[in-house]
1. Would you look at the GNM of the chain, springs on alpha carbons closer than 10 Å, and say which of Asp27, Asp15, Asp59 moves the most?
2. Which of the DSSP-defined H helices in the chain satisfy a minimum axial length of 18 Å, computed from C-alpha atoms, and a minimum mean Kyte-Doolittle hydropathy of -1.0?
3. Picking from Val26, Ala48, Ala65, whose Cα lies most toward the positive end of the charge dipole for the chain (charges on Cβ: Lys, Arg +1; Asp, Glu -1)?
4. Which chymotrypsin sites (Phe, Trp or Tyr not before Pro) does the range 16-75 hold that lie in a coil by DSSP with at most 10 other beta carbons within 10 Å?
5. Charges at C-beta only: +1 for Lys and Arg, -1 for Asp and Glu. How large is the resulting dipole of the chain about its Cα centre, in Debye rounded to 20?
6. Given a 1.4 angstrom probe, what's the average accessible area per residue across the chain, in square angstrom?
7. In whole percent, how big is the carbon plus sulfur part of the accessible area of the chain, probe 1.4 Å, protein atoms only?
8. Say a site is exposed when it is one of the trypsin sites (Lys or Arg not before Pro), sits in a DSSP loop, and has at most 12 other Cβ atoms within 10 Å; what is then the longest site-free stretch of the chain?
Amino acid sequence: MNAPVTEAELHAWVDGQLPPARHAAVDAYLADHPEQAARLHAYRAQNAALRARFNPVLDEAVPPALGHPPRRWHA
């Protein structure tokens, strides 16, 4: 018997982190719930847009002010 599809599994599907054993159940759920499928596809598109916009920042050097831990003041 298959367990119901959870919101956490739907988010895992969006993030590509869904365990393979649950793919069939989630895919069937999305086929039966087109409004949920549309919502999740919008989340995937949003994730792709964020990656396209901000992934280049990953190659930037860390500013010196952020590269060191803050100083601790001793009383």
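1. Per the Cα network of the chain with a 10 Å cutoff, Asp59 tops the list.
2. Result, helices passing both filters: 34-54.
3. About the Cα centre, the residue reaching furthest to the positive side is Ala65.
4. Counting only loop positions with at most 10 other Cβ atoms within 10 Å, the chymotrypsin sites (Phe, Trp or Tyr not before Pro) in the range 16-75 are Trp73.
5. Computed about the Cα centre, the dipole is about 440 debye.
6. Per-residue accessible area for the chain comes out at 84 Å².
7. 61
8. 1-70
The values are calculated or read from the model by the stated rules, or taken from the named source; none is laboratory data. Quick caveat: nothing in here was measured; it's all calculated off a predicted structure. Heads up, the Cβs are rebuilt from the backbone with ideal geometry, glycines too, and the neighbour counts pull from every protein chain shown. Areas reflect the complete protein model, heavy atoms only, side chains present, ligands, DNA and RNA absent. Shrake-Rupley method; radii C 1.70, N 1.55, O 1.52, S 1.80 Å.
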